[in-house]
1. Which value results when the Cα radius of gyration for region 328-472 is divided by 2.2 N^0.38 Å?
2. So who's got an amide H within less than 5 Å of the one on residue 608, skipping anything under 5 residues away but keeping other chains? H placed 1.01 Å off N, in plane.
3. Could you work out how far the C-alpha centroid of region 284-311 sits from that of region 360-430, in angstrom?
4. What number, in percent, do you get for the relative contact order of the chain if the mean sequence gap of Cα pairs under 8 Å and at least 6 apart is divided by its residue count?
5. What is the magnitude of the charge dipole of the chain about its Cα centre, with +1 placed on the Cβ of each Lys and Arg, -1 on the Cβ of each Asp and Glu, and no other charges, expressed in debye to the nearest 20?
6. Non-local amide H neighbours of residue 715 (under 5 Å, H modeled in plane, Pro and chain starts lacking H): which ones?
7. Can you tell me how much longer the chain between residue 664 and residue 32 gets when fully stretched, taken as 0.36 nm per residue apart minus their C-alpha distance, in nm with one decimal?
8. In angstroms, what radius of gyration and Dmax does the chain have, counting Cα atoms only?
Amino acid sequence: MRYRLLLGWIVAGTAATVGYYLLPRDGVAASMLYNAIGFCSALMIVAGVRRYRPRRPAMWYLFAAGQMSAVIGDLIWSYYVFVLHQEPYPSFADVWYLAAYPPLVLGLLQFVRSRTRSDMETLVDAGMVAAGLGLVFWIFVLQPTATTASASVLEKVISIAYPAADAVLLALLTRLFIGAGARTPSARLLGAGALLLFAADATFSVLSLHSGSDGYELSAGWLLSYVFWGAAALHPSMAAEGPPAPAADAAVSRGSVVLTAVCSLLAPAMLFVPQAGASLTGRFAIATVGIVLCVLAFVRTHGLIRKVQRKTHQLEHLATHDDLTGTANRRHFENTLRRIPLHDSPQVVFLGLTGFKSVNDELGRHVGDEVLGQLAARIRGAAPTPASVARMGGDEFAVLLPGHTDGAADQVAARLAEVMREPVLAGSNELLVGAAIGIGDSDGATGPAEVLRRAEAAMYAAKDTGEPYRRWSPALDDRAGEQARLGAEIRAALDGGQFRVVYQPIVAAPDGRMAAAEALVRWEHPERGPISPAYFIPVAERNGLIVELGAWVLRTACEQMVSWRNDTAAAAPGYLSVNVSARQLARPGFPQTVADILTATGLPPGCLAVEVTETAVFGGGQAVQALHQLRALGVRIALDDFGTGHSSLGLLRTVPVDILKVDKSFVDDIAGAGEHRVIAEALIHVCEGLGLTAVAEGVETAEQADVLYGLGYRLLQGYHFGRPVAAADLDRLRPAESAVTA
């Protein structure tokens, strides 16, 4: 619908142009049709303005005024010819013909300014094209017109005025087509109409000098220019505003380059035209334009060199800096570190953000990017003046301190730790993103890369221990080496069957009946003897073997639970709880692994509880999604060590929880009247309100058991009821000795 009027006008205008040549050449009908096309063109321009409401309607009204002025000139000329039977030159019609050019030129000038960028390169290119074409126009049109013998001064002035107006039109067309403009269909139609007008005018000027042509053959150019001007106003893109962004002009069109090159050669080429160099005026014009073209070419070349240099600097900056934070990247940081001699005692402070992944997962990458930008600014602000700050990876930063003592570097690390503890305001969110900080020095280092490695190792050590910052020491490398050896031994232990599963009862108060059990892994090393899970589990987490080890524990525990249910159905635990690590939850296939084990062993899903820590699910994302998938299978979800993590109560809204295991730290002093008892009492109320099962961990005395029972706890676990033992020994526990006395 919106293109119907446009297409109708193009078809009607083109048909009318053809019809003009089918009518008698000197007839009134042909003249009236000619004037009707021009008049309708002005009406179409006004209709387009009223329909699409451009922000700059004035230039379109100027176009319409120019068209109407030309139509009035045609009507006056028709009056001379068909009524007065005269063809005077100059006449009153010439006044209206010439009056059409100022509004057209002013309108084109506004159009060019609104649709093209005025960068130096574009202006110079347009100037070179205008100078070259203008010289040709001067030699073949303006100069012959000015020097021809005329009957009167007025006739000579009028004869020069037409090509002079066309010269101005030529300059604007050059700017329009050479400039980096908004190449909308409306702009192309408008340019085509103006180009047809100029071509017809210029050709008529040449023909009138060398023949007696009345321009009848050129009428198609003028008529089609009317059609194109009206079509430009009727196209919806006529309301588009503004030049393109600088990035849109990254590539120079081949046509513009060729046109500029050709036009720059026109001045010397005119020397081979006899007519051009025949007079002093012609030679002067050629010399002047040649000088102008040389100057413009020099300016263009200089601008191109500067542009290439600027782009080179930009590329160098992009290659050595982080686009998001504006800091140096890892490559630039390492190159800077290599240039500092080790005897100048360079030190590196390495920062690894903690809790940042949850920001990206829960609030989106755009919030995460804003957080990184703010934290990078904090790091730059806290670093001393000669320091170099770099983003080393996704959530890691480093500060290079040349010539700093250990004490000065420690002060910088302490200052960084302090500023990183402050909340970050990103959008409407106030977030806490911590940082583990490591310091590496060059004392005894074999090279610059060693300094960076030390800082990174110290950062990971600080992350493990929770220290605000940690300085590297040889003991860290010894520990890393020991952990590497331990990792290899874990692999051998898995292959050699050195691990075993033990079970700790979870009893029901007050009778002490075993209501459930927790499966725990133990390692009997053939040479070292028993190795504590607190020692080997973190190593297995880091090297990824926890996934294979966890799957083995889960399968073994499920098989044992099936055996209990088959042998002693009445005395079997109600469910079996198995610990699952953060790394296992992060694997997309973990829920399917659990489902396969349940299917293979035949254990009902309700008899299995997956036990996770708050830290494992605090980051959200895949871990929480995995728990939802397990809950859909029918597996119970237990939240272990509750109350010691990041946001305990908040997790109860996002994580599907069935069982809440209250941490041992709240049970140790439960017999007193302090805050631990208040917290334990509050947690049992939370469980009752949310319909969760509460399990109190770490019960070691009968007094603790009695107090917990009095507070409302009905499931208890701890050494008071039994230590983790092998499956065969779990049956020998005597419930009577474990009963709560209350």
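Taken together, the values in this text are just the output of simple stated rules run on the coordinates, not laboratory data. These numbers were taken from a predicted model, which means no experiment stands behind them. Cβ: placed from backbone, ideal geometry, glycine included. Neighbour counts: every protein chain shown.
1. Cα Rg divided by the expected 2.2 N^0.38 Å: 1.01.
2. 576, 636
3. A separation of 48 Å, based on Cα centres.
4. Numbers: 1135 pairs, mean separation 61.8, N = 742.
In percent, rounded to a whole number, it is 8.
5. That gives a dipole near 2960 debye.
6. Under 5 Å from the amide H of residue 715 lie the amide H atoms of 509, 696, each far enough along the sequence or on another chain.
7. 217.2 nm
8. 43.9, 136
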